[in-house]
Amino acid sequence: MSRQPSPPPPLPARGSPGPARGRLAASLALLAGLLAFTAWVATRSQALEAARGAYVRGDLVDALRLALDHLDRRPWSREAARLAALSLSRLDFAEAAEPYYRRIGELDLEDRQTRAYGLVRGNRRADAIEAYEQILERWPNNVTALRRLAAVQISVNNTPQLLALADRLVKVPGGEAMGQTLRGAVAHMEGDREIAVAAFDRVLAIDPDLKQMPLPHGAFWRYFAEDLLKSGRPEDAQRHLKRALAEESDAVLMTILGRAYFQEGRLDEAESCFKQAAEWDPTDVTSLYELGKVEITRKRFDAAREHLEVARRRAPGRMDVLHELAAAHRLLGHRDESERLEGEIRELRDRSTSARKGKEPWPRYAL
């Protein structure tokens, strides 16, 4: 019986890999893995890892050095550019940081905040305003960006923008105390006493311990008390100032408390406050000026002259001191000295660029 030939091996089913295809797939997988590993090695080095660790520790100089070292060998590394940019921003080299930021691409919120704050510290205010506005385009309710943008706008006296920011802060959860403080500070600077008092009252209602209020506490109490006095509310000013002075000895606030007593005709209490302020700040002029006014009210003109002479020596160009000193000499019958002082006042006024008193500096607003 003849032997039948064996049948040929079956063809692989459509869609199932044969031995050659399996080897090809394995080769491709190996190649992909090698490429991924090569990319990982290309973008990382010991210097980059060390730079990241130094940045996290707050060792910014070392982080910058290591990031730049990595960029020398791998200039396409976005992570190294990011670490270099952030380190430069935090080291107050805002201008030097900008080229590295441009190499990063899209920034997250935290990195945007670092860049913007670096621009503020570098006194690049226009760029800082733009940076914060860009943050607020994407995160419109970000309280930190709103607060810091307000601080920059204060530094450029941009009242319309400040009021708009105050309105936005008031509506943002957690931002009302900041917004009302900003509204009150702007009103204080503009002389809108009733608006300022209402805003500061609201701050105390929602933030009684002033933990969210961004002004220095002394500035807050000073503005509030001055606006209360100019609104004819000396008792309220006294109440708030006593609280503030129980927390901290402040010669300026003590002087304002004395003015509150003086406004009510309580000369002994006023005198005590002014003397305490002068003791706390031996270089102060205003407390001596106020003591001179107290003595003139008591018709003790020679004692008034003594206080005002000391104040004049400390601040020769202060008009209010010279006016009161001229009045004291006139009341003492020193006509020649009084006329000489009045002539000095006229000369100072003529040399001044404006006879009108300028606005006081805008407050330092916490970033």
Exactly one condition in (1) surrounded by fewer than 18 Cβ atoms within 10 Å (Cβ to Cβ); (2) in a helix (DSSP H, G or I) is not met by Tyr261; state its number.
(1)
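Just give me the residues in the stretch 264-298 being of a type in the set (A, V, I, L, M) and either surrounded by fewer than 16 Cβ atoms within 10 Å (Cβ to Cβ) or at pLDDT below 95 (or both), in sequence order. I'd like the intermediate steps shown before the answer.
Taking the stretch 264-298 first, the residues of a type in the set (A, V, I, L, M) are 267, 270, 277-278, 285, 288, 291, 294, 296.
Across the stretch 264-298, there are no qualifying residues.
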Among the numbered criteria (1) farther than 19 Å from Leu149 by Cβ; (2) within 18 Å of the chain's Cα centre (by Cα), which single criterion is violated by Met189?
(1)
From the set of residues in the stretch 150-167 that are more than 18 Å from Phe200 (Cβ to Cβ) and touching a Leu at 6+ places or on another chain (Cβ under 6 Å), which is surrounded by the most Cβ atoms within 10 Å (Cβ to Cβ)?
Gln153
Among residues of the stretch 213-232 being more than 19 Å from Ala277 (Cα to Cα) and surrounded by fewer than 18 Cβ atoms within 10 Å (Cβ to Cβ), the residue farthest from the chain's Cα centre (by Cα) is Gly232
So which residues in the stretch 126-145 are within 16 Å of Gln161 (Cβ to Cβ) and at pLDDT below 90, if there are any at all?
none
So which residues in the stretch 76-96 are in contact (Cβ under 8 Å) with a residue 12 or more places away in the chain and over 24 Å from Gln46 (Cβ atoms)?
Ser89, Asp92, Phe93, Ala94, Glu95
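For the stretch 176-190, check the following and say yes or no: at least one residue is surrounded by fewer than 17 Cβ atoms within 10 Å (Cβ to Cβ) and either of a type in the set (Ser, Thr, Tyr) or over 21 Å from Arg112 (Cβ atoms) (or both).
Just the residues of the stretch 176-190 that are surrounded by fewer than 17 Cβ atoms within 10 Å (Cβ to Cβ), to begin with: 190.
If we keep only those that are either of a type in the set (Ser, Thr, Tyr) or over 21 Å from Arg112 (Cβ atoms) (or both) too, we end up with 190.
The answer is yes, given that some residue of the stretch 176-190 is surrounded by fewer than 17 Cβ atoms within 10 Å (Cβ to Cβ) and either of a type in the set (Ser, Thr, Tyr) or over 21 Å from Arg112 (Cβ atoms) (or both).
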Is it true that Gly105 is at positive phi and touching a helix residue (DSSP H, G or I) at 6+ places or on another chain (Cβ under 8 Å)?
yes
If we only count helices (runs of 4 or more DSSP H) wholly inside the stretch 115-230, which ones have 1 or more residues that are under 30 Å from Arg82 (Cα atoms)?
125-138, 143-155
Across the stretch 233-256, the tally of residues that are basic (Lys, Arg) and either surrounded by 23 or more Cβ atoms within 10 Å (Cβ to Cβ) or not in a helix (DSSP H, G or I) (or both) stands at 1
Looking at the stretch 335-358, I want the residues that are within 14 Å of His323 (Cβ to Cβ) and have a partner that is in a helix (DSSP H, G or I) and modelled with pLDDT under 90 with Cβ atoms under 8 Å, at least 6 apart or on another chain. Which pairs are those?
Ala355/Arg349
Among what's in the stretch 90-103 and is crowded, with 18+ Cβ neighbours inside 10 Å and aliphatic (A, V, I, L, M), pick the residue that is farthest from the chain's Cα centre (by Cα).
Ala97
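Could you check how many residues of the stretch 296-310 are within 14 Å of Val321 (Cβ to Cβ) and among the acidic types (Asp, Glu)? Spell out the reasoning first.
Just the residues of the stretch 296-310 that are within 14 Å of Val321 (Cβ to Cβ), to begin with: 296, 304-310.
Now restrict to residues that are among the acidic types (Asp, Glu): 306, 309.
Within the stretch 296-310, residues that are within 14 Å of Val321 (Cβ to Cβ) and among the acidic types (Asp, Glu) number 2.
May I ask you to verify whether Tyr55 is closer than 30 Å to Gln161 by Cβ, at pLDDT 90 or above and crowded, with 16+ Cβ neighbours inside 10 Å?
Details: closer than 30 Å to Gln161 by Cβ: no; at pLDDT 90 or above: yes; crowded, with 16+ Cβ neighbours inside 10 Å: yes.
No, not satisfied.
The values are calculated or read from the model by the stated rules, or taken from the named source; none is laboratory data. Please read all numbers here as calculations on a predicted model, not as lab measurements. Cβ coordinates were reconstructed from backbone atoms using ideal geometry, including for glycine residues, and neighbour counts include every protein chain displayed.
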